[in-house]
1. Per DSSP H run of at least 4 residues, take -39500 (n - 2.57); add these up for the chain, divide by its residues and hand me the 222 nm value, nearest 500 deg cm²/dmol.
2. State, as an integer percentage, the relative contact order of segment 26-101 based on alpha-carbon contacts under 8 Å between residues 6 or more apart.
3. Just the Kirkwood number for segment 6-138, please: inverse of mean 1/r across all distinct Cα pairs, in Å, one decimal.
4. What percent do you get for the relative contact order of segment 6-138 when only Cα pairs under 8 Å and 6+ apart count?
5. Could you tell me whether segment 64-120 comes out rounded, prolate or oblate from its Cα gyration tensor? Rule is a ≥ b ≥ c as square roots of the eigenvalues, rounded for a/c under 1.5, then prolate if a/b exceeds b/c, otherwise oblate.
Ligand code: 5GP
Ligand code: ZN
């Protein structure tokens with residue numbers, strides 16, 4: 001637990017939240033400033049900043065909860081789809097430094113876009129560069 005973390009305070013029950021699901025290692029609650037009806041955040045109960053900081057067990061617990069909740073949210077608010085994503089690090093737009101998965105319900109004609117709009121300008125990469133990148137990541 002981190003003393004000055006909003007999400008740790010929610011886990012501890014010190015700050016109220018609309019909790020929609022809970023397991024041993026993960027918690028899900030409605031976003032206080034939703035991008036859509038039913039916008040839900042799924043977090044590890046333990047304080048970690050980035051996705052890669054989670055243990056495998058915590059990582060599984062978080063994604064299992066996303067997996068279980070998405071159809072429930074879709075049914076509950078009659079959504080057509082979901083955008084599921086993580087702002088993983090401040091340069092990707094992460095504002096709360098406690099890792100969290102956004103589960104954002106989507107509706108036909110809602111005016112939103114695919115997750116691709118989150119990234120900046122597309123790089124123009126040739127085959128050699130793509131090979132190099134794949135090698136670097138795979139190494
Ligand atoms: P980030 O930009 O870090 O990926 O997203 C943080 C999210 O947390 C935002 O969508 C914001 O609305 C939500 N949020 C921030 N503070 C609180 C809070 O105290 N309670 C709840 N339920 N959501 C919050
Ligand atoms: Zn925290």
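Each reported figure results from applying straightforward, stated rules to the coordinates on display, with no laboratory input. For clarity, every value in this text was computed on a predicted model and none was experimentally measured.
1. Details: 3 runs with 41 residues, N = 139.
Calculated from helices alone, the mean residue ellipticity at 222 nm is -9500 deg cm²/dmol.
2. Working: 87 pairs, mean separation 26.8, N = 76.
Relative contact order comes out at 35 percent.
3. Working: mean 1/r = 0.0614 Å⁻¹.
Computed over segment 6-138, the radius equals 16.3 Å.
4. Numbers: 176 pairs, mean separation 30.3, N = 133.
Relative contact order, segment 6-138: 23 percent.
5. Numbers: a/c = 2.91, a/b = 1.36, b/c = 2.14.
Here segment 64-120 falls in the oblate category.
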